[in-house]
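Notes for the one structure printed next.
None of the figures in this text is laboratory data; all of them are computed from the coordinates on show. This structure is a prediction, so every number in the text was calculated from the model and none was measured. Here Cβ is always computed from backbone atoms with ideal geometry, including for glycine, and neighbour counts include all displayed protein chains.
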Amino acid sequence: MANGDITKVYEYDKIEVVNTYHIQVRKATKIMEEQADGSLTELSRAFHRHVLQPFTSTVDADGDWTHAATDISGEAASVQAIANAAWTDAVKNAYKTMREAQG
């Protein structure tokens, strides 16, 4: 970068496990400008949030449940690491049970 150059920086600044099953992700998009001394000054910041759960659960007309695992391969490595640590087999089974109890 050179003095005055503008760049976009992504930062996953909050990754939280909520209620055992859900992972809340906040991604900050920062617009940065390089200064004459090489330092960066933040010009703006915007946030995008999304929530992940271990499965997408559906029930058919016969009352049979299908639990499709959430694909986290497109998430940042830090989000994947937390999801893999938090979503143990016990947590996944409890999530399925909870969803089926909701009917």
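In the structure displayed, which of Lys30/Lys92; Lys14/Lys92; Lys27/Lys96 lie more than 32 Å apart, Cα to Cα?
Lys30/Lys92
Could you tell me whether the range 45-103 comes out rounded, prolate or oblate from its Cα gyration tensor? Rule is a ≥ b ≥ c as square roots of the eigenvalues, rounded for a/c under 1.5, then prolate if a/b exceeds b/c, otherwise oblate.
Verdict is prolate for the range 45-103.
Please give the residues of the range 7-23, grouped as numeric ranges, whose backbone N is less than 17 Å from a label point set 7 Å along the Cα-to-Cβ vector of Leu43.
Backbone N within reach: 7-10.
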